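Note sheet for the following structure.
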Amino acid sequence: MMHNVTKWATALLIMVLSISTIGKGWAQQSPLDWAATASDKYLVYPDQSYGFFSGTSLKLDVWQAQTKDPVPTVVYIHGGGWFFGDRTGALPNLMPWFTRGWNVVNVEYRMSGTALAPAAVEDARCALRWVYRNANQFHLDTSRIIVTGHSAGGHLALMAGMLSDADGLDNNCPSDTASGDVPIKVAAIVDWYGPTDVADLIAGPDRKTYAVAWLGSLPDRSDVAKRVSPLTYVRAGLPPIIMIHGDSDPVVPYSQSQRLHAELDKVKVPNELYTVPHGGHGQFGADADVEAYRHVWEFLERYVPSIPKRAN
């Protein structure tokens, strides 16, 4: 119990300190005033279990905005090549969403050392289903859910938002219309340099060891790689998608986002590829990060209903 209290007190401290470094254009209050009233702005519901798979209870955290007006909900999925990382280390990546005053759901999933593909994809879908099923309890607006993540988390955000019940990756948490389940339909996807073609990463010139490890020695690894690739699920009617990718990324080839962008254009899905010039795998630098988020805000304000405009 004390461990949890200490962990979340530390998380809140990091949140406050991080927000104090954000420029005035991001928050409607000054950073110091925002920090002074942070405890009035959010209630935190940590360690909510959304499933039990591979002998593991999978958790997510709900940061509930304390506001009278409905606000969007951001579902964030951390990165780490599907083999490392955890949701508590993702807190700095949640800061921009906190400054917008939106609900945030921070998700963990099974790493490749626990379960090979497609487990992480199944987990992302189950987490999203949990959000839908618990929307009333936490006052979440299911018409304005934005799913996002960095690197492997960007890939899982794409998969979570692009899949349908009919694609066969929801069997760990199947929908039940008799119990009130409705089809999952997110309002937008924000993908930060996530892989879009896993098959391309397990063989050939773009082979990456993190992708090889995620597929392991599965006998049907090529088929599974296709099943867990966002490019497989491009079709008309998908939610708007914005991709942010550095054109010098040595970890996830920039061409992966270029290809998804081109395929989405063919079926007329609203989308944008924002390219970070000379950008690597994240760590773009302060100015480039601010510019990337400017594109994210403009994209969401254009396509997600009733998104509050940024303060000047």
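Per-structure values
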| quantity | calculated |
| --- | --- |
| Selection within the stretch 66-117 - closer than 19 Å to Leu158 by Cβ and hydroxyl-bearing (Ser, Thr, Tyr) | Thr73, Tyr76, Tyr109, Ser112 |
| Test: Val198 is out of contact with any strand residue (DSSP E or B) (no Cβ under 6 Å at 6 or more places or on another chain) and either touching a residue at least 12 places away in the same chain (Cβ under 8 Å) or buried (at least 23 other Cβ atoms within 10 Å of the Cβ) (or both) | yes |
| Among the candidates Pro305, Pro270, Pro253, residue that is touching a helix residue (DSSP H, G or I) at 6+ places or on another chain (Cβ under 9 Å), exposed (fewer than 14 other Cβ atoms within 10 Å of the Cβ) and touching a residue at least 24 places away in the same chain (Cβ under 8 Å) | Pro305 |
| Strands (runs of 3 or more DSSP E) completely within the stretch 44-119 that count 1 or more residues being in contact with a helix residue (DSSP H, G or I) (Cβ under 8 Å, 6 or more places away or on another chain), of a type in the set (S, T, N, Q) and surrounded by fewer than 21 Cβ atoms within 10 Å (Cβ to Cβ) | 56-65 |
| Total residues in the stretch 143-174, condition part of a helix (DSSP H, G or I), more than 15 Å from the chain's Cα centre (by Cα) and in contact (Cβ under 8 Å) with a residue 60 or more places away in the chain | 2 |
| All positions within the stretch 120-142 that are surrounded by fewer than 21 Cβ atoms within 10 Å (Cβ to Cβ) and either within 12 Å of the chain's Cα centre (by Cα) or within 20 Å of Pro92 (Cα to Cα) (or both) | none |
| Test: residue in the stretch 257-264 that is open to solvent by 20 Å² or more (accessible area, probe 1.4 Å), at pLDDT 95 or above and of a type in the set (S, T, N, Q) | yes |
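The values are calculated or read from the model by the stated rules, or taken from the named source; none is laboratory data. Being a predicted model, the structure only gives us computed values, none of them experimental. For neighbour counting, all protein chains shown are included, and Cβ atoms are generated from backbone atoms with ideal geometry for every residue, glycine included. These accessible areas exclude ligands, DNA and RNA; they are computed on the full protein's heavy atoms, side chains included. Shrake-Rupley method; radii C 1.70, N 1.55, O 1.52, S 1.80 Å.
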